[in-house]
Amino acid sequence: MPQIAAYKEGVEIKIARIRTGLRQYEVAARVGILPNRLSEIESGRRRPSPELLERILQAMQLPTAGGLSGYHGASRDGK
């Protein structure tokens, strides 16, 4: 079951990143991690700590209070 949760969380991170118009390397640079680590998170091969997830959401300028569950797909320009 943990692999399914990691995969789901990773896909949600990837969808949020794409909808905000950012590339992996941009988010990774803002967070201070290597792009391949973000790729591992997005593919579900690695699960981020709560602190890292918060930093990823902040890098994408998304609310961190509700985690990904509060994200409804708005782009950076509010559309």
Given the conditions (1) in contact with a Ser or Thr (Cβ under 9 Å, 6 or more places away or on another chain); (2) at pLDDT below 90, every one holds for K79 apart from (1)
- Message: Being at pLDDT below 95 and buried (at least 18 other Cβ atoms within 10 Å of the Cβ): is that true of G67 here?
- Response: no
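Here is a yes/no grid of residues against (1) touching a Phe, Trp or Tyr at 6+ places or on another chain (Cβ under 6 Å); (2) of a type in the set (A, V, I, L, M); (3) assigned to a helix (DSSP H, G or I); (4) at pLDDT 95 or above:
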| residue | (1), (2), (3), (4) |
| --- | --- |
| K8 | no, no, yes, no |
| L22 | no, yes, no, yes |
| R30 | no, no, yes, yes |
| I41 | no, yes, yes, yes |
Given the conditions (1) surrounded by fewer than 16 Cβ atoms within 10 Å (Cβ to Cβ); (2) at pLDDT below 95, every one holds for N36 apart from (2)
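Restricting attention to region 11-27, which residues are within 10 Å of the chain's Cα centre (by Cα) and under 14 Å from M60 (Cβ atoms)? Give the derivation first.
Our first condition is that a residue be within 10 Å of the chain's Cα centre (by Cα); within region 11-27, this holds for 11-18, 24, 27.
Passing the criteria: E12, I13, K14, I15, A16, R17, I18, Q24, V27.
The values are calculated or read from the model by the stated rules, or taken from the named source; none is laboratory data. Given the structure is predicted, the values throughout are model-derived calculations rather than measurements. Every residue, glycine among them, receives a Cβ derived from its backbone with ideal geometry; neighbour counts consider all protein chains shown.
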